[in-house]
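Colleague: Here it is, the structure, as structure tokens.
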Amino acid sequence: MKKLAGILLVCLAVMLSAGAFAQTDTTGQKAKLTPQQRAEKLTQGMSRQLLLSPEQVEQVKAINLKYAEKNEQLKRNMAKLKSNNEAKDAELKAVLNPAQYEKYQKMEKRAKQKVRERARERRAQRDTTLSTH
């Protein structure tokens, strides 16, 4: 479980850092980049900022591509998850009365907030641990 959490944290870090280097189109919107394009842009930015050697650039590029492709799969799974949750909510709305459905929505919102809070706490604890080493 810890290994999975570590992998997810790495994926999240790659996704967030890839967003920092994502190109924008003429309307100011982020362009839809392929995993290969995202990995290339991220690698270029890292190469400039970290002053990577040519050997490091190739190794970092391979790592970035590997995780960009994995992140693409995770995004598709997240879209499926969101779609499933929306379908579940629609079915529940048909069964529950308005007061029950409103209470259900509040329960779901609180549960999501708890998950976010726990994630923040884990990040803060990890950051504290990393900064002391």
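Taken together, the values in this text are just the output of simple stated rules run on the coordinates, not laboratory data. What you are looking at is a predicted structure, and each value in this text was computed from that prediction instead of being measured.
Colleague: With viscosity set to 0.692 mPa s and temperature to 37 °C, compute the Stokes-Einstein D of the range 38-133, Rh being the Kirkwood radius across alpha carbon pairs; µm²/s, no decimals.
Modeller: 188
Colleague: By how many nm would the segment from residue 57 to residue 93 lengthen if fully extended, with 0.36 nm per residue of separation less the alpha-carbon distance?
Modeller: 7.7 nm
Colleague: Let me ask something additional. Cα-Cα over 32 Å: which of 70/93; 32/103; 66/106; 41/80?
Modeller: Beyond 32 Å between Cα atoms: 70/93; 32/103; 66/106.
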